[in-house]
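Beneath this line is the structure, given in structure tokens, with notes to follow.
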Amino acid sequence: MHSEASLSGSTASPSSAAQQDSSASTSSPADAPSDPAADAPQSSASASAPSSTASSVSDVPQHSKAFLLRRGLNWFPLGLLYAFLYMGRYNLNVAKNSLGVLMTEEDFGSIFFVGTLIYGFAFLLNGPLTDAIGGKKASLMGAFGAAAANLAMGIYLKVILAAGSADNSTIRIVFSVLFALNMYFQSFGAVAIVKVNSRWFHVRERGGFSGIFGVMISSGIFFAYTINGWVLEFAGRLAGVAPGESTVRQTPWVFLFPAALLLILAVIELFLLKDRPSQAGFEDFNTGDATSGEADDTPTSHILKKILTNPILITLAFIELCTGVVRQSVMQWYPFFAKNVLSLPSHHAMRNGDWSNAAGVVPFFVIAAVCAFIAIKFLEGRRKGWLIASAGLIALVPFLQAGWGGLLFVAGVIGGNVAGFVSDMFFQSRRAPAAGGFYVLIIICIIFMSFTMGHTSPVIDSIHPGAEQDLSVLKPGDRILSVAGKGDFKEWRDVARAFAAVPAKCEGEAKWDTVRSICSTKPQATSDNLAVSTGLITFEIERAGQRMTVQVKDPSPVMRAGDERRLRIQPVSTHSPFLMGVVIFLISLAVIGTHGLLSGTATMDFGGTKGAATAVGLIDGFVYLGTAIQSISLGYLTSASWDYWPWFMLPFAIIGLCLCLKIWKAKPQPKKAA
């Protein structure tokens with residue numbers, strides 16, 4: 001049975017709700033001043049600029065151009081701040097790939113598990129806190145706190161890598177603490193942005209805002225994966241590291257750079273961000289959501305109780321738990337699969353990508369800008385809308401060359417906007433049908449994913465750019481039979497491990513760690529009788545049916561503590577990585593669209609302007625409970641076999657779809673003012 005309910009428990013139909021006259025141009029603010037920011041001196045209704053007019057609560061207000069401009073100046077920097085928070089959250093994923101054996105899949109899973117548990121439970125505190133103190137103060141607390149935590153992680157890594165004292169157990173413990181601190185402050189980001197925007201957007205505009213929220217999330221993912229990856233590569237080039245070689249010593253920069261960006265934007269927001277229209281010289285208006293029409297003196301405890309006992313919000317929370325599992329299972333673990341299993345080079349479109357060819361990037365941005373200018377300057381109505389949409393799609397094309405972060409950005413932008421558009425245009429701002437449709441797509445794609453992953457073989461497909469000279473004796477098509485006496489390879493990871501395991505001469509007090517195949521001042525196991533590399537490593541290969549032995553130049557015969565030898569070769573795969581890439585792209589499109597629609601929009605609908613932060617705190621808390629579940633689970637499962645990866649996600653996708661069906665007709669009903 002489908003349910004249709006409101007926060008207040010009313011079963012009034014939308015038509016009855018629409019009979020409530022509440023002209024925004026003549027009414028007092030609809031929101032109780034539940035946060036101190038709202039109690040600041042404000043312009044009266046007669047003195048403030050008229051911002052919006054509407055014939056009834058359920059009608060979309062007609063905003064003035066001045067209001068729309070000021071609203072844009074409010075949400076765009078706030079959205080950029082939220083994107084930088086993402087950059088300072090998922091930089092851990094980039095750091096893990098760079099640190100190599102110093103942070104294994106299990107280490108990463110444990111660190112992220114602790115962080116996401118703290119993140120999820122922090123919402124229970126920070127949601128109501130944000131409703132009390134206002135979105136601006138909460139966003140600033142989150143930005144400054146996350147910047148400090150990232151700064152601490154960067155400095156810690158810099159110190160231990162310089163001293164050569166890095167080891168897994170210590171990094172796991174210290175990072176679990178610092179990343180948990182980071183995630184506590186990160187939890188202010190989502191609740192703050194929803195709290196602020198709940199006062200600036202009417203309920204019938206929020207499907208469109210879902211698209212905006214999806215773009216914010218997606219740009220943050222682009223910053224986190226691609227820009228952080230490029231920062232790492234740039235720092236490596238400055239240090240003289242060859243492309244594809246270990247950048248472990250440059251890893252601190254993926255924490256220091258986001259910290260600097262967060263600090264800069266937080267200072268800007270001190271002066272620019274406003275909690276509500278009246279603080280910017282405009283008139284507050286009735287947003288038509290679930291707390292619309294509540295008496296101005298409604299106590300916070302009353303709103304909190306109604307949110308935590310609302311069956312629609314509780315169902316949304318469990319849907320988002322499933323979303324959290326699927327979203328992070330794809331977003332976090334694909335980069336590890338691409339690097340460690342498929343052995344894709346860093347410049348590959350499915351890893352960090354490459355924008356060095358300006359001819360393949362700049363023209364698309366120029367064409368998009370020209371189309372947008374023509375649309376804004378000369379067109380009206382549908383023609384204007386279609387040309388602006390076309391400009392947006394053209395501007396997305398270069399991001400398809402910008403690696404994993406770029407692909408997620410494109411998927412998120414399309415998914416977020418499609419979800420909001422479908423919800424508003426076809427389902428009268430009901431969010432569950434659009435989310436349910438996306439879950440159907442997710443289920444289909446997960447099943448296909450299991451057949452497109454494929455496996456790698458110990459056969460060379462290509463040599464990574466920059467490694468051709470060192471590996472000149474190896475040719476595409478060569479089958480690797482043994483490396484330094486170790487053989488019987490079933491997949492390419494076995495070849496790479498054998499190559500990395502050749503002992504190197506260690507600088508300083510470091511010794512060769514025979515367990516992790518690195519130089520370390522704290523080796524887990526070592527030996528005094530190791531035969532260190534002579535500068536050449538013996539490969540036994542099969543070429544054109546003939547077995548032969550070749551001597552391959554060792555790229556790292558001498559190492560510092562923490563360094564790792566890497567074999568810069570792309571192996572032959574049973575399936576093209578782009579086949580799996582299409583499936584992963586579609587899953588990402590659907591799951592990011594669902595997350596933006598439910599966490600960014602449905603929370604405002606059913607939480608209302610007074611309880612928006614508490615509502616998003618509840619729902620995002622469940623998102624990261626799902627994230628914690630997948631972090632610890634896949635950290636263990638992928639260490640055993642990557643074949644478990646898609647099948648782990650499938651039950652959660654099915655449960656998410658069933659819960660969407662349960663609230664298919666749910667829509668918030670404004671309460672008539674006393």
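The values are calculated or read from the model by the stated rules, or taken from the named source; none is laboratory data. This one's a predicted model, so the numbers in the text were calculated from it and none came from an experiment. Glycine also receives a Cβ, built like all others from the backbone with ideal geometry; neighbour counts cover every protein chain displayed. Side chains are part of the model used for accessible areas, which takes the heavy atoms of the whole protein and leaves out ligands, DNA and RNA. Shrake-Rupley method; radii C 1.70, N 1.55, O 1.52, S 1.80 Å.
Is there a residue being modelled with pLDDT of 90 or more, in a helix (DSSP H, G or I) and of a type in the set (A, V, I, L, M) anywhere in segment 232-252?
Looking for residues that are modelled with pLDDT of 90 or more, in a helix (DSSP H, G or I) and of a type in the set (A, V, I, L, M), one finds at least one in segment 232-252, hence yes.
Could you identify the single residue in PRO433, PRO465 that is in a loop (DSSP other than H, G, I, E, B), at pLDDT below 90 and not hydroxyl-bearing (Ser, Thr, Tyr)? It would help to see each step written out before you state the result.
Numbers: PRO433 fails: in a loop (DSSP other than H, G, I, E, B).
Result of the check over PRO433, PRO465: PRO465.
SER462 fails exactly one of the following numbered conditions: (1) in contact (Cβ under 8 Å) with a residue 24 or more places away in the chain; (2) of a type in the set (Gly, Ala, Ser); (3) in contact with a helix residue (DSSP H, G or I) (Cβ under 8 Å, 6 or more places away or on another chain). What is the number of that condition?
It is condition (3) that SER462 fails.
If only one of GLY240, GLY236 is more than 17 Å from TYR90 (Cβ to Cβ), small (Gly, Ala, Ser) and open to solvent by 20 Å² or more (accessible area, probe 1.4 Å), which one is it?
Numbers: GLY236 fails: open to solvent by 20 Å² or more (accessible area, probe 1.4 Å).
None of the others qualify; the one that does is GLY240.
Out of the residues in segment 464-480 that are crowded, with 16+ Cβ neighbours inside 10 Å, out of contact with any Gly (no Cβ under 7 Å at 6 or more places or on another chain) and aliphatic (A, V, I, L, M), which is farthest from SER346 (Cα to Cα)?
ILE480
So is THR549 in contact with an Asp or Glu (Cβ under 7 Å, 6 or more places away or on another chain) and among the polar types (S, T, N, Q) or not?
Numbers: in contact with an Asp or Glu (Cβ under 7 Å, 6 or more places away or on another chain): yes; among the polar types (S, T, N, Q): yes.
When the stated conditions are applied, THR549 passes them.
Are any residues in segment 273-321 open to solvent by less than 20 Å² (accessible area, probe 1.4 Å), assigned to a loop (DSSP other than H, G, I, E, B) and at pLDDT below 70, and if so, which ones?
The answer is GLY288, ASP289, ALA290, THR291, SER292, GLY293, GLU294.
Would you point out the residue of segment 442-455, among those that are surrounded by fewer than 19 Cβ atoms within 10 Å (Cβ to Cβ) and not β-branched (Val, Ile, Thr), that is nearest to CYS660 (Cα to Cα)?
PHE448
Could you please tell me which pairs satisfy a Cβ distance under 7 Å, a separation of 6+ or placement on different chains, a first residue in segment 606-630 that is more than 26 Å from MET649 (Cβ to Cβ), and a second residue that is modelled with pLDDT under 70 and among the acidic types (Asp, Glu)?
Close Cβ pairs (under 7 Å, with a partner that is modelled with pLDDT under 70 and among the acidic types (Asp, Glu)) amount to GLY608/ASP289; THR609/ASP31; THR609/ASP289; LYS610/ASP31; LYS610/GLU294.
Failed condition for CYS371, given (1) modelled with pLDDT of 90 or more; (2) open to solvent by less than 40 Å² (accessible area, probe 1.4 Å); (3) closer than 30 Å to ASN340 by Cα, with all others met?
So CYS371 meets the others, but not (3).
Checking GLN401 against (1) open to solvent by 30 Å² or more (accessible area, probe 1.4 Å); (2) in contact (Cβ under 8 Å) with a residue 12 or more places away in the chain; (3) touching a helix residue (DSSP H, G or I) at 6+ places or on another chain (Cβ under 6 Å), only one condition comes out false. Which one?
Against the list (1) open to solvent by 30 Å² or more (accessible area, probe 1.4 Å); (2) in contact (Cβ under 8 Å) with a residue 12 or more places away in the chain; (3) touching a helix residue (DSSP H, G or I) at 6+ places or on another chain (Cβ under 6 Å), GLN401 comes up short only on (3).
Conditions first: (1) farther than 25 Å from GLY626 by Cα; (2) modelled with pLDDT of 85 or more; (3) part of a helix (DSSP H, G or I). TRP355 passes all but one, so which condition is the exception?
It fails just one condition, (3).
Return the total of residues in segment 487-497 being surrounded by fewer than 17 Cβ atoms within 10 Å (Cβ to Cβ) and part of a helix (DSSP H, G or I). Reasoning before the result, please.
Our first condition is that a residue be surrounded by fewer than 17 Cβ atoms within 10 Å (Cβ to Cβ); within segment 487-497, this holds for 487-488, 490-491, 497.
If we keep only those that are part of a helix (DSSP H, G or I) as well, we get 497.
The total comes to 1.
Out of curiosity, is VAL418 modelled with pLDDT of 90 or more and open to solvent by 40 Å² or more (accessible area, probe 1.4 Å)? Write out each step before concluding.
Details: modelled with pLDDT of 90 or more: no; open to solvent by 40 Å² or more (accessible area, probe 1.4 Å): yes.
Spelling it out, it is not the case that VAL418 is modelled with pLDDT of 90 or more and open to solvent by 40 Å² or more (accessible area, probe 1.4 Å).
Is segment 638-649 home to any residue that is at pLDDT below 85 and within 28 Å of ASN126 (Cβ to Cβ)?
Scanning segment 638-649, I find no residue that is at pLDDT below 85 and within 28 Å of ASN126 (Cβ to Cβ), so the answer is no.
TYR156: open to solvent by 10 Å² or more (accessible area, probe 1.4 Å) and farther than 29 Å from LEU68 by Cβ, yes or no?
On the way: open to solvent by 10 Å² or more (accessible area, probe 1.4 Å): yes; farther than 29 Å from LEU68 by Cβ: yes.
Yes.
For segment 439-447, check the following and say yes or no: at least one residue is at pLDDT below 90 and either in a helix (DSSP H, G or I) or among the hydrophobic types (A, V, I, L, M, F, W, C) (or both).
The answer is no, given that none of the residues of segment 439-447 is at pLDDT below 90 and either in a helix (DSSP H, G or I) or among the hydrophobic types (A, V, I, L, M, F, W, C) (or both).
Between residues in segment 102-116 that are surrounded by 24 or more Cβ atoms within 10 Å (Cβ to Cβ) and residues that are basic (Lys, Arg) and not in a helix (DSSP H, G or I), which pairs lie under 9 Å by C-beta distance while being six or more apart or on different chains?
If the second residue must be basic (Lys, Arg) and not in a helix (DSSP H, G or I), the pairs left are LEU102/ARG516; GLY115/ARG89.
Would you list the strands (runs of 3 or more DSSP E) that sit entirely within segment 498-582 and hold 2 or more residues that are crowded, with 18+ Cβ neighbours inside 10 Å and not hydroxyl-bearing (Ser, Thr, Tyr)?
Correct list: 511-513, 518-520, 536-543, 569-573.
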